[in-house]
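**Student:** Quick one: the structure is below, and I'll ask about it shortly.
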Amino acid sequence: MRKFLQRVLGDWVIRMSNKFGSRPDAERIHEALTKLFNTIEEEPGKRGLIFEVTSENKYIILSDQHKGARNFADDFSLSEPNYLAALKYYNSGGFHYINLGDSEELWENLLESVIKHNKETFEYEKLFIGGDAFTKIFGNHDLYWDNDPLAGFNLNRIYGTRIPIYEGLILKIQLGNGTLRIFLTHGHQGDLQSDGNWFSKWFVSTVWAPLQSYLQINPNTPAYDNQLKTVHNSLMYSWQAAQQNTALITGHTHQPVFASLTHLERIYLRLKVATNNHDQPAISLLNQELKKRVKEGDKAPEFKAYSPGYFNSGCCCFSDGDITGIEIESGFIRLIKWSFHKNGFPERFLLEEMKLEDLLEVT
C-alpha cells in the first residue's frame, strides 16, 4: 500500500510543499537583504559580524542539515555520516565552520527530540567552539534560536557554552588594490513563509511531515545535477548583481549554485563553447551528461551575461546521503560535496572552483 501511495501521492505532496512553502517576492527580498547588510556594516555585532580575512584564514560553509528525530521525516539521517566526516576533516584542517541556518528542523520536531537524537552531531560541532572557529546563523526552520527567550539556555545545554546567534556575516578580503566583501546569510529574508506565514508552517508540521514520514519521501534530490535555478535563487542573484565588489552566499533553497550558475546551467554553457569551437569529443560527452539529467524535448535556457558573485551552499540532507558546501581557502572559493565512495566511506569531491580575485569588478 505504501509503495502505491508513494507513486500516487508523492509528486503531489512535494508540489504542495513547494507551493505553500515559499512565496519569494523581489521587492521584499531585496529590501530585507539590503537592510541586514547595512545593519551589519554599521553596527557589527547587533545582527551579524564582520571578519577581516587574511591568507591564513580558511572557512567551510554548510547549511540546511534539518536535524530531526530519526524518523522517516528526518531528511538528515542518511547524510549524517558524510556530515560527521566533513566536520572531522575541516576541524583537523583548521577551518572556521560557518553554519548557515536551518541546522535544526524545529518546524516538524520538538527541540528536546532533536537534542536527544543528535548528540554525536552536536559533539562534532562543539570541536570548532574550542578554537573559536564556529559561527552559527539561524534560518527559518530554526528561527527559534533568534526569537525564543530560552534559546541561550538551550544552546548552553547543547554546546556547553552560551554561543551567540546571528542573522548574517560579512567577510572582508583584501585582494590586490581592492576589497571583496562576501555577505553570508541563510537566504529566507523576504520569503513570506519565513516572515510569519502561519499557513505554511501549519502545512509543514501538520500535513507534510506526517505524509513524508508515512510515504518515506525525501524531496531533496541532488539538485546540483538536474535543475535550473529556482525563482528564489534567481531573486537572490539579482540583488547581488546590483552590488559592487560584493559576493553573496546563501542556503535555504537546497540547490547548490556556484558563480551564479547551477551545475546543469554550467553544462549548457560548456556545450555552447564546445559547439563554437567544433570540439566534437567535448560535445559528445556533454550531450551524454545532459541526456541523463533533462527530459526529452526540454530546451536549453537562454543565458544573459551573468555576474559570477552569487553562491548557494546547497544542503546537508540530500536523498542519496550527499552533502554540499562552500569552501574559502588560499584565495579560492570552491563548491564541494561529500559523498559515499564505492568502498562505502565518505569522501570529499571538488565540483567547482575559482579565484576570489575574479569576483572583484574591474574598474
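**Student:** Say we look at segment 23-43 and pick out the residues that are assigned to a loop (DSSP other than H, G, I, E, B) and surrounded by 14 or more Cβ atoms within 10 Å (Cβ to Cβ); which of these is modelled with the highest pLDDT?
**Tutor:** Per the criteria, the residue is 25.
**Student:** Is there a residue in segment 215-223 that is at pLDDT 55 or above and not polar (S, T, N, Q)?
**Tutor:** Step one: list which residues in segment 215-223 are at pLDDT 55 or above, which gives none.
The answer is no; no qualifying residue exists.
**Student:** Separate question: Mind checking which pairs have a first residue in segment 162-179 that is without any contact (Cβ under 8 Å) to a residue 40 or more places away in the chain and under 16 Å from residue 251 (Cβ atoms) and a second that is part of a strand (DSSP E or B) and not small (Gly, Ala, Ser), Cβ under 7 Å, 6 or more apart or different chains?
**Tutor:** Pairs that qualify, where the first residue is without any contact (Cβ under 8 Å) to a residue 40 or more places away in the chain and under 16 Å from residue 251 (Cβ atoms) and the partner is part of a strand (DSSP E or B) and not small (Gly, Ala, Ser), are 165/136.
**Student:** On to the next question. Mind counting the residues in segment 234-263 that are among the β-branched types (Val, Ile, Thr), over 23 Å from residue 143 (Cα atoms) and at pLDDT 90 or above?
**Tutor:** Matching residues across segment 234-263 total 2.
**Student:** A further question follows. Spot the failing condition for residue 98; the list is (1) under 16 Å from residue 67 (Cβ atoms); (2) surrounded by 24 or more Cβ atoms within 10 Å (Cβ to Cβ), and only one is missed.
**Tutor:** Just one mismatch for residue 98, condition (1).
**Student:** A further question follows. From the list 46, 116, exactly one residue is over 23 Å from residue 340 (Cα atoms) and at pLDDT 95 or above. Which is it?
**Tutor:** Unique residue meeting the criteria: 116.
**Student:** Look at segment 146-161 and say how many of its residues are aromatic (Phe, Trp, Tyr) and either assigned to a strand (DSSP E or B) or without any contact (Cβ under 8 Å) to a residue 24 or more places away in the chain (or both).
**Tutor:** Total satisfying the criteria: 1.
**Student:** Also, I was wondering about something else. Starting from segment 25-39, keep only residues that are polar (S, T, N, Q), then list their pairs with residues that are assigned to a helix (DSSP H, G or I) whose Cβ atoms are within a distance under 9 Å, requiring at least 6 positions of separation or different chains.
**Tutor:** Sorted first by the residue in segment 25-39, then by its partner, the pairs are 34/239.
**Student:** Any idea which of (1) without any contact (Cβ under 8 Å) to a residue 40 or more places away in the chain; (2) within 30 Å of residue 180 (Cα to Cα) is the one residue 351 doesn't satisfy?
**Tutor:** Just one mismatch for residue 351, condition (1).
**Student:** Quick check on my filter: what residues within segment 311-346 are part of a strand (DSSP E or B), charged (D, E, K, R) and either surrounded by 24 or more Cβ atoms within 10 Å (Cβ to Cβ) or in contact (Cβ under 8 Å) with a residue 60 or more places away in the chain (or both)? First the steps, then the outcome.
**Tutor:** To start, the set of residues in segment 311-346 that are part of a strand (DSSP E or B) comprises 311-312, 323-329, 332-340, 346.
In the following step, the residues that additionally are charged (D, E, K, R) were identified as 327, 329, 334, 337.
327, 329, 337 - these are the residues of segment 311-346 that are part of a strand (DSSP E or B), charged (D, E, K, R) and either surrounded by 24 or more Cβ atoms within 10 Å (Cβ to Cβ) or in contact (Cβ under 8 Å) with a residue 60 or more places away in the chain (or both).
**Student:** Just for segment 85-144: of the residues that are hydroxyl-bearing (Ser, Thr, Tyr) and in contact (Cβ under 8 Å) with a residue 60 or more places away in the chain, which one is nearest to residue 186 (Cα to Cα)?
**Tutor:** Of segment 85-144, the ones hydroxyl-bearing (Ser, Thr, Tyr) are 89-90, 92, 97, 103, 113, 121, 124, 135, 144.
Cutting the leftovers down to in contact (Cβ under 8 Å) with a residue 60 or more places away in the chain gives us 89, 135.
On the way: 89: 23, 135: 13 Å.
Selected residue: 135.
**Student:** In the set 311, 332, 349, which member is of a type in the set (A, V, I, L, M, F, W, C), within 19 Å of the chain's Cα centre (by Cα) and closer than 22 Å to residue 234 by Cα?
**Tutor:** Answer to the check: 311.
**Student:** Something else now. When only residues in segment 81-121 that are in a loop (DSSP other than H, G, I, E, B) and among the aliphatic types (A, V, I, L, M) count, which is farthest from residue 316 (Cα to Cα)?
**Tutor:** Taking the candidates together, the pick is 110.
**Student:** Touching a Gly at 6+ places or on another chain (Cβ under 8 Å), modelled with pLDDT of 60 or more, surrounded by fewer than 17 Cβ atoms within 10 Å (Cβ to Cβ) and more than 30 Å from residue 113 (Cα to Cα): is that true of residue 54 in this structure?
**Tutor:** It is false that residue 54 is touching a Gly at 6+ places or on another chain (Cβ under 8 Å), modelled with pLDDT of 60 or more, surrounded by fewer than 17 Cβ atoms within 10 Å (Cβ to Cβ) and more than 30 Å from residue 113 (Cα to Cα).
**Student:** A further question follows. Is there any pair linking a residue in segment 256-278 that is touching a residue at least 24 places away in the same chain (Cβ under 8 Å) and within 15 Å of residue 230 (Cα to Cα) to one that is of a type in the set (Lys, Arg) and assigned to a loop (DSSP other than H, G, I, E, B), with Cβ under 6 Å and at least six apart or on different chains, and which?
**Tutor:** 262/229
**Student:** A further question on this structure: Given the conditions (1) in contact with a helix residue (DSSP H, G or I) (Cβ under 9 Å, 6 or more places away or on another chain); (2) small (Gly, Ala, Ser); (3) at negative phi, which single one is not true for residue 251?
**Tutor:** Status for residue 251: all satisfied but (1).
The values are calculated or read from the model by the stated rules, or taken from the named source; none is laboratory data. Everything numeric here is computed off the predicted structure, so don't read it as measured data. Because the Cβ atoms are built from the backbone with ideal geometry, glycine has one as well, and the counts that use them run over all protein chains shown.
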